[in-house]
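The values are calculated or read from the model by the stated rules, or taken from the named source; none is laboratory data. Just so it is clear, the model here is predicted, and its values are computed rather than measured. Here the Cβ positions follow ideal geometry from the backbone for every residue, glycine too, while neighbour counts run over all protein chains shown. In case anyone asks, the SASA skips ligands and DNA or RNA and just uses the protein heavy atoms, side chains included. Shrake-Rupley method; radii C 1.70, N 1.55, O 1.52, S 1.80 Å.
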Amino acid sequence: MKKIRVFAPATVANMGCGFDIMGMTLDAVGDVLSVEIGEGDSLTIINKTPHKLPEDVEQNVITPAIRAFLAAYGCPMSVTVTVEKKIAPGSGIGSSAASSAAAVYALNELLDHPFTDEKLVEFAMEGEKLISGGTPHADNVGPAILGGVVLLRGYDPLEVVRLPVPGRFCCAVAHPSIMVSTREARAVLPKEIPLRMAVKQWGNVAGLVAGLAEGDVSLIGRSMQDVVVEPYRKHFIPGFDALRTKVLEVGALALNISGAGPSVFALCENMTLANRAGEVMKEHFMQYNIESNIYVSKISNRGARTLEDYNFSD
Ligand code: HSE
């Protein structure tokens with residue numbers, strides 16, 4: 001028997017304009033898993049968190065991720081995963097991704113690193129496929145494993161690019177207590193988009209990458225505009241347009257839906273502005289009688305790690 005405890009962080013997928021191809025890593029919030037391996041051929045998942053997770057092991061995102069890892073490793077074993085701490089499912093800050101990322105990261109550590117980080121991203125993506133209605137995407141699992149800002153240059157074959165993170169790069173995330181499933185949020189999206197929208201969107205994606213490369217937080221903020229997905233999803237979030245106006249008024253550079261929602265995030269130039277944006281978001285949701293959790297953080301360069309390395313203040 002070998003055992004390890006690992007942490008994988010929460011993440012903000014899409015970063016506004018980069019639907020399914022970009023994501024960034026938060027600190028101070030994430031999943032903690034204990035993973036034990038031994039002889040045999042079985043998978044057990046134990047939930048020690050207050051959150052309701054699927055009772056059927058086949059419906060847990062951890063399962064396809066672990067199966068993909070073990071199929072590539074080529075040697076069956078008994079695996080017991082204990083979920084000790086969990087981001088609230090359906091929050092829009094990579095709850096499922098943190099679990100599947102942590103699980104494959106733990107196996108890789110226990111087995112002496114048979115796989116690269118990129119390969120781990122590929123395995124963890126199988127969990128995302130399960131909850132999204134069939135489309136594997138890595139804009140949460142990528143940053144959850146690698147940390148920092150991650151670009152998925154392509155999926156066939158998978159190419160993962162880690163982008164530089166400017167020093168002054170903060171965000172406030174509000175998680176309102178409403179449920180929007182990834183499956184539901186993807187089902188409302190169109191299958192095709194007009195060329196003029198594509199032109200706007202790829203201008204923004206290019207601007208975002210250039211802003212990250214140059215450390216130009218203002219260019220990053222201007223580029224975080226989503227004309228493709230947001231119009232179809234913003235109705236899930238009460239008063240979304242008004243919230244954007246209010247958050248920009250107090251000095252945030254951009255406000256967008258985090259991943260599939262319902263969380264929203266405000267990009268800010270410093271922690272003072274991010275704290276202010278967080279307060280505005282909290283007040284906004286209170287007006288609708290909706291409680292929200294606010295996370296204010298710099299973008300962390302650290303992804304999945306063993307618990308000994310685990311430090312919320314990084
Ligand atoms: N890129 C994904 C989406 C993130 O927006 O649907 C959520 O898993």
**Prompt:** Restricted to the range 107-131, and to residues that are among the aliphatic types (A, V, I, L, M) and more than 16 Å from the ligand (Cβ to nearest atom), which residue is most open to solvent (accessible area, probe 1.4 Å)?
**Reply:** Leu111
**Residue that is farthest from the chain's Cα centre (by Cα) [pool: residues in the range 221-265 that are of a type in the set (Ser, Thr, Tyr) and assigned to a helix (DSSP H, G or I)]** = Thr245
**Only listed residue being surrounded by fewer than 24 Cβ atoms within 10 Å (Cβ to Cβ), more than 16 Å from Gly16 (Cα to Cα), free of Cβ contacts under 8 Å to residues at least 40 places away in the same chain and outside the structural domain of Ile87 (by TED's automatic domain parsing), chosen from Met271, Met286** = Met286
**Message:** Between a residue in the range 222-246 that is within 14 Å of Phe285 (Cβ to Cβ) and within 13 Å of the ligand (Cβ to nearest atom) and any residue that is of a type in the set (Val, Ile, Thr) and open to solvent by less than 50 Å² (accessible area, probe 1.4 Å), which pairs come within a Cβ distance under 8 Å, given they are 6 or more apart or on different chains?
**Reply:** Phe236/Ile178; Phe236/Val180
**Asked** Of all residues in the range 97-155, how many are modelled with pLDDT under 95 and on the phi > 0 side of the Ramachandran plot?
**Response** 2
**Asked** Would you call Gly94 touching a residue at least 24 places away in the same chain (Cβ under 8 Å), under 28 Å from Glu159 (Cβ atoms), under 11 Å from the mean Cα position of the chain (by Cα) and open to solvent by less than 30 Å² (accessible area, probe 1.4 Å)?
**Response** yes
**Item:** Residue in the range 187-205 that is away from the ligand (no atom under 16 Å from the Cβ), buried (at least 22 other Cβ atoms within 10 Å of the Cβ) and hydrophobic (A, V, I, L, M, F, W, C) present
**Value:** no
**Request:** May I ask you to list the residues in the range 137-156 that are assigned to a strand (DSSP E or B), open to solvent by 10 Å² or more (accessible area, probe 1.4 Å) and touching a strand residue (DSSP E or B) at 6+ places or on another chain (Cβ under 9 Å)?
**Result:** Leu151, Arg153
**Request:** Give me a count of the residues in the range 45-95 that are of a type in the set (A, V, I, L, M, F, W, C), over 25 Å from Pro114 (Cβ atoms) and within 16 Å of the ligand (Cβ to nearest atom).
**Result:** 3
**Item:** Val104 vs. criteria part of a helix (DSSP H, G or I), open to solvent by less than 20 Å² (accessible area, probe 1.4 Å), away from the ligand (no atom under 13 Å from the Cβ) and not small (Gly, Ala, Ser)
**Value:** yes
